[in-house]
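One structure below.
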Amino acid sequence: MALRIGTSGWSYPSGKGKWNGLFYPASRSKKAGTAGFDELRFYAEHFDTVEVNTTFYGQPRAEVARSWVERTPAGFEFSLKLYQKFTHPKMFREQALTRAPGSEGPLLDLLTEVTQADIDEYRDGIDPLANSGRLGALLAQFPASFKDSPASRDYLAQLLRAFDDYPIAVELRHKSWSDAIGDTLAMLNAFNAAWVQIDEPKFRFSIRQNYLPNVEGFYYMRLHGRNAAKWWRHEKSEDRYDYLYSADELKEFAETADAAKQLVKKLYLYTNNHFSAKSVANAAMIKQQLGEPIEGAYPPEFIERYPELKGALTPSRTLF
């Protein structure tokens, strides 16, 4: 239970890299007297944790979180992204302008300012997960434009303080944070916050990390893929995550996880290269390298797409 491996998100029903017809059935027709296919239930047969993306795009709702608990087995854990208003104010502001064109000015400034009500709304939304012991960690994912500065440090400290009764992991992407590694670690450690260790295409201003755990409570790693050509320039956002790690590339992370789990109470490793369920394939490959059980049955279409796993996966006859 100390080591948890899963994917970032479980539902990708559209686009070129959709999971339907690969990891999930292509069609979802309901039979009389049945509730139909449930992606989350199926996903939870294969992994014991998932990183939730939807809480980035909108505040979590208690009734939705409650349904997640009901649809997954005991012991399954959800790690949740913080709402974008907390970490991506520019993006939130742009979306507010899209919803209400011409609303620039003091009113928009007021609407985009993080308030205690925003924090309370988020906390209320995740209560069913926290109260049932299903909450993994909260992920504060900051954009590459979030640079180290006195103002940034003050804001980050305020955010960590607001959620200091939850395990919280902080993803920083700009190299200014690793350039001042001592100060960054001192602040994160003061709040028992895990510094998210990430793998992604490296550019001039990308953060540099050593994959070492910084707190004893937990460790948090995210693998985004290495599609440098489409990282900043792409037709669709999903194209950024069109990358399959090779077995050799994954060895570094499997070995890191194996060593880090001896130093921390819990370790989360999420694959975010979700295009065409490549994150599922790579999560299973990491499990295989670590000698962890690969649970659940996989559809023939998935095994055919990822022959690297042939022999390690249990094939299912059908998903229907």
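The values are calculated or read from the model by the stated rules, or taken from the named source; none is laboratory data. Just so we're clear, the structure is a prediction, and the values are computed from it rather than from any experiment. Here the Cβ is made from the backbone with ideal geometry for all residues, glycine too, and neighbour counts use every protein chain on show. Just the protein is used for accessible areas: all its heavy atoms, side chains included, with ligands, DNA and RNA removed. Shrake-Rupley method; radii C 1.70, N 1.55, O 1.52, S 1.80 Å.
Can you give me the number of residues within the stretch 120-160 that are free of Cβ contacts under 8 Å to residues at least 60 places away in the same chain, assigned to a helix (DSSP H, G or I) and closer than 22 Å to Val69 by Cα?
Kept after step one, since they are free of Cβ contacts under 8 Å to residues at least 60 places away in the same chain, are these residues of the stretch 120-160: 120, 123, 130-131, 133, 135, 138, 140, 142-143, 145-158, 160.
Still in the running and assigned to a helix (DSSP H, G or I): 120, 123, 130-131, 150-158, 160.
Then keep just the ones that are closer than 22 Å to Val69 by Cα; that gives 120, 123, 130-131.
Final tally of qualifying residues: 4.
Kindly check whether there is at least one residue in the stretch 218-237 that is acidic (Asp, Glu) and under 19 Å from the mean Cα position of the chain (by Cα). It would help to see each step written out before you state the result.
Here is the first cut: in the stretch 218-237, the ones acidic (Asp, Glu) are 235.
Within this subset, residues satisfying the condition of being under 19 Å from the mean Cα position of the chain (by Cα) are none.
Within the stretch 218-237 (the criterion being acidic (Asp, Glu) and under 19 Å from the mean Cα position of the chain (by Cα)), the answer is no, since none of the residues qualifies.
When you scan the stretch 226-320 for helices (runs of 4 or more DSSP H) that lie fully inside it, which ones turn up with 1 or more residues that are over 30 Å from Asn214 (Cα atoms), open to solvent by 20 Å² or more (accessible area, probe 1.4 Å) and in contact (Cβ under 8 Å) with a residue 24 or more places away in the chain? Step through it out loud before you land on a result.
On the way: elements: 247-260, 278-290, 300-305.
In the stretch 226-320, the matching helices (runs of 4 or more DSSP H) lie at 300-305.
Check whether at least one residue in the stretch 34-41 is loosely packed, with under 13 Cβ neighbours inside 10 Å, among the hydrophobic types (A, V, I, L, M, F, W, C) and either at pLDDT below 95 or not in a loop (DSSP other than H, G, I, E, B) (or both), and report yes or no.
The answer is yes; a qualifying residue exists.
If we scan the stretch 96-110, do we find a residue that is exposed (fewer than 14 other Cβ atoms within 10 Å of the Cβ), more than 17 Å from the chain's Cα centre (by Cα) and at pLDDT 85 or above?
no
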